[in-house]
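Structure first, commentary second.
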Amino acid sequence: MTAPQLLTIKASGIVAAIAFLITTAPASGQIKGKLEELGELRDQVEDPAAIAAEVENAMESIQIESQETSFDEAMGIARASGNVQITYKNTIIRAEKAEYHQSTGDVFARENVVIFKDGGMFTAQEAIYNINTNEMTATNLRSSLEPVYYDAGEIEIPTNATDMIEMEKSWFTTHDSKDPNYRIKANRIKIFPGKRVEFHNVKFMVGDTPVLWLPYLSQPLDDELGYYFTPGYNTPWGAFLLNQYGFNIGDHTLAQVHLDIRSERGLAGGINLFSQRHRKNENFGEIQFYYANDSTPEMGYNGLERANPPSGDRYRVNMQHRVYLPGPDESTLYLDIDINKLSDEFFYNDFFPAEYTVDPNPDNILNLVKHDPRGTISLLGRFQLNEFFRSDERLPELAVDFTRQPIFDSGFFYQGNTSIGIVEESLGESERDSFRSQQESLEEIFAALDSGELTLMDGNLVNEFGTVVRTDFDPEGARSILDDLINQLDEPGFTRFHTYHEVLYPTTLGNVVSVVPRLGGGFTSYSDVEGPGETDSFDRGIFHLGLDTSIKFSKTLDGFNNPKIGLDGLRHIFQPYVNYSFLATDSDENFPKIDRLTPSTRLRPIDVPLYTAVDSLQDWNIVRTGMFNRFQTRRNGGTHNWLDMNTYFDTYIEDPEFDRNFSNLFQEVLWNPLPWLAGRVTAQLPVFGGEYDFTEVTTGLTFMPVRNFEFSIGNYYLQDHPFFIDSNLITLSTYTRLSDNWGFSTVHRFEADDSTLELQQYQIHRDLSSWTASIGGIVRDNRNGTDEYGIVMSLTLKAFPKLSVPIDLQPGGAIQ
């Protein structure tokens with residue numbers, strides 16, 4: 001067997017032939033020794049040591065290793081055959097035969113060519129690679145640019161890895177397999193790394209069967225670009241096809257065009273514009289336009305017909321953006337813009353139900369902000385752009401917020417806020433019309449009672465002919481409702497100055513007990529008051545005294561090692577705490593409140609800076625007592641929180657809302673023993689009794705009992721709340737792995753309080769190696785006698801988040 005030969009040639013051409021060496025391990029020291037033996041070559045040059053130095057720089061030279069190697073000094077051509085490996089810097093070329101032309105820098109490789117370059121691998125039958133420009137031309141080449149895999153009859157790869165790669169008679173796939181289950185074949189393919197792939201005269205192949213032909217296609221490699229479609233069926237929309245095409249406008253804007261068809265609603269479409277500068281922030285850098293020519297605006301999403309339907313011309317205009325001043329670089333002075341203009345109050349519910357569940361009444365604000373590590377100054381304008389929604393307005397409001405910061409080196413800390421602004425609240429149009437209708441109806445009844453046209457007999461209203469026109473009429477209750485309607489229609493507004501400041505002193509007693517006393521004071525002034533009541537102005541002082549205390553114990557418990565429940569040792573952390581809060585302020589029950597409390601099942605904050613309902617501040621004297629338990633174990637070389645439990649309740653020395661002595665007992669549990677088992681419980685129970693006590697329990701469990709089956713079950717239970725209706729909602733979702741390629745999932749939601757199966761969803765999933773297909777159905781009970789039915793279909797390309805088939809019939813329309 002012939003020993004492998006190594007030929008090292010300086011690419012710069014200073015020496016035509018440095019050495020012809022026969023060695024199995026050519027290290028630099030060996031090369032130098034061989035040079036000393038080659039006296040004939042040494043005699044031809046003046047400085048053999050310089051030649052040796054040239055060889056020492058082998059990393060800057062091209063090395064050719066093979067079974068047979070020769071160098072034609074006159075032509076400057078090195079030839080090699082048999083297990084050839086050519087190495088130059090970070091490029092390695094392997095082939096059965098190869099030539100290197102020193103004058104041009106071209107390497108001609110033939111038979112089973114493999115080229116390793118910039119972390120990529122290229123296989124070909126023949127290839128030409130230029131070591132000076134890094135350009136490559138090849139035939140029958142296969143390679144990848146993750147997640148793209150391609151096979152080319154002929155290919156030309158440019159100098160830089162970011163430049164275009166052009167291929168002839170090629171195919172493209174994202175299925176990493178020797179025999180991919182789908183391919184896109186084309187006469188010519190251009191790959192723009194990191195941007196897109198362009199195809200000319202293209203066929204879509206499933207296996208070896210063509211299913212679609214297009215003259216031109218452009219596939220962006222960004223998952224937000226290209227063509228996405230969502231087909232389906234549900235009762236509110238009928239059969240629908242939602243279409244989206246994404247493309248870049250320069251390097252600064254991502255545009256997504258929508259064209260949607262709903263058989264029950266008609267044609268709709270729009271465009272979304274996203275700033276590439278703010279792509280990592282979902283709160284700003286977006287503009288949306290969407291218009292629907294609704295054929296059935298009188299029909300609600302729940303299937304009921306509307307009494308006052310909107311116009312068929314329906315739309316949304318949304319803008320969430322941040323403008324840095326003076327710009328364009330990021331700065332601590334900026335303007336936040338959040339504009340949401342809708343055609344009517346039902347638009348989100350009818351066309352974007354997912355957004356409706358999150359934010360049915362979107363804000364409209366302009367906020368000029370100056371940020372500093374010590375605090376923030378903001379000038380906020382909030383306005384009622386959508387007159388059909390109730391909204392509180394700031395016209396405008398200037399606020400200064402100071403973050404918690406040390407007072408020199410005294411150990412004391414300070415935090416506070418000050419604001420002044422014009423604050424108003426406006427009813428929505430439909431709400432105002434409803435209140436006025438009810439007011440007029442009740443006023444007519446009382447006028448008829450006063451005139452004798454109607455009389456009250458056994459709780460019923462009877463006209464002059466003895467006919468009962470209304471049953472179960474309570475005059476006192478009706479009068480109270482009428483007064484409330486009049487107050488609601490008298491929309492409140494005022495100019496408000498509010499300031500509050502607080503000093504804290506965190507300390508530790510005996511290195512054991514953590515103590516944080518706090519002392520705060522503030523002042524609020526209301527002027528130009530409008531709305532119900534007879535108050536034109538109102539001033540109040542605020543005094544707050546608080547004390548937060550806690551103590552922490554920890555102990556390592558021996559003998560707790562059970563892999564079945566995820567225990568590898570156990571440490572218990574126990575932290576009891578007591579927080580006290582006393583607030584004294586002036587209040588006026590008849591004063592109109594805008595920033596007020598809303599009904600909730602949770603406890604209110606007892607820390608004044610966190611209490612945003614400043615108009616509802618009232619005297620309180622509250623002690624919050626609790627204990628926190630945490631159990632930790634070892635997991636993956638670190639500490640894992642195995643179980644957390646937090647138990648607490650409020651004791652009311654003076655209750656600001658109701659006449660309570662105690663709140664419910666709250667219990668929060670989070671259990672994460674194993675990757676395939678997790679549970680949580682959030683509960684409040686009326687263990688102390690009282691008139692306003694209620695029960696609320698939220699539970700959840702996720703469990704994979706066997707490898708092929710996983711389920712999640714949850715329950716929300718609410719009973720006897722003074723404002724919210726009772727509920728006993730049970731949710732169950734399952735996933736069953738039927739085989740390596742098939743799966744089945746279900747979702748059920750059942751309201752046990754009225755025995756209603758609110759939601760049923762069933763889906764079959766098929767793994768197609770590079771694709772995942774799903775089809776299923778949905779049944780929803782809307783409690784109005786009209787059930788909602790839907791078909792769920794999805795086809796997902798694993799290498800991309802969605803099925804992407806971007807189509808552009810004109811090459812000039814390709815995304816640049």
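Values as computed for the structure displayed
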| item | result |
| --- | --- |
| The stretch 596-669, accessible area per residue, ligands and nucleic acids excluded (1.4 Å, Å²) | 48 Å² |
| Additional length obtainable on full extension of the chain from T625 to N90, 0.36 nm per residue less Cα span | 186.0 nm |
| Rg and Dmax of the stretch 76-138, Cα atoms only, in Å | 10.3, 30 |
| Protection-proxy order for peptides 429-441, 92-104, each taking the mean of Cβ atoms within 10 Å per residue, highest first | 92-104, 429-441 |
| Å² per residue, accessible surface of the stretch 74-134 at 1.4 Å | 47 Å² |
| Accessible surface, 1.4 Å probe, highest first, among residues M645, M167 | M645, M167 |
| Solvent-accessible surface (1.4 angstrom probe) belonging to Y735, in square angstrom, nearest 10 | 90 Å² |
| Neighbourhood net charge (9 Å Cβ-Cβ; Lys/Arg +1, Asp/Glu -1) for L241 | 0 |
| Two-decimal Rg/Rh across the stretch 308-465, once Rg and the Kirkwood Rh are taken from alpha-carbon atoms | 1.22 |
| Residue-normalised accessible area of the stretch 700-777, given per residue in Å² at a 1.4 Å probe | 56 Å² |
| Sequence-distant aspartates and glutamates (8 or more away, or on other chains) whose Cα lies within less than 16 Å of K552 | D644 |
| Listed peptides 469-475, 525-531 by packing density, highest first (mean Cβ within 10 Å) | 525-531, 469-475 |
| Highest to lowest packing among 333-339, 533-539, scored as the average C-beta count within 10 Å | 333-339, 533-539 |
| Cα Rg, Dmax, the stretch 351-399, angstrom units | 14.2, 44 |
| Per principal axis, descending, Cα span of the stretch 532-686 in whole Å | 70, 30, 29 |
| Links that overshoot a 21 Å alpha carbon limit, given the list K117/K280; K280/K341; K341/K593; K117/K203; K97/K117 | K117/K280; K280/K341; K341/K593; K117/K203 |
| Accessible-area composition of the stretch 429-542, carbon plus sulfur, in percent [1.4 Å probe] | 47 percent |
| For the stretch 632-707 and the stretch 260-328, distance of Cα centres in Å | 39 Å |
| Only Lys, Arg (+1) and Asp, Glu (-1) charged, at Cβ; the stretch 479-569 dipole about Cα centre in debye | 880 debye |
| Percent carbon-and-sulfur accessible area, the stretch 321-372, ignoring ligands, DNA and RNA, probe 1.4 Å | 59 percent |
| Distance histogram for the stretch 264-324 (every C-alpha pair counted, 5 angstrom bins, percent rounded to whole numbers) | 4, 16, 20, 15, 12, 11, 11, 7, 3, 0 |
| Cα gyration tensor shape for the stretch 635-789, rounded if a/c is under 1.5, else prolate or oblate | oblate |
| Cα-based reach from K169 at 19 Å (exclusive), listing aspartates and glutamates while leaving out same-chain residues under 8 positions away | E126, D151, E154, E156, D179, E198, D208 |
| Listed residue (T633, Q618, P656) projecting farthest to the positive dipole end of the stretch 610-676, Cβ model | T633 |
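The values are calculated or read from the model by the stated rules, or taken from the named source; none is laboratory data. Only a predicted model underlies this, so the values are computations on that prediction, with no experimental measurement involved. Methodologically, a virtual Cβ is constructed for each residue, glycine included, from the backbone with ideal geometry; neighbour enumeration extends over all protein chains shown. Surface areas here come from the heavy atoms of the whole protein model, side chains and all, with no ligands, DNA or RNA. Shrake-Rupley method; radii C 1.70, N 1.55, O 1.52, S 1.80 Å.
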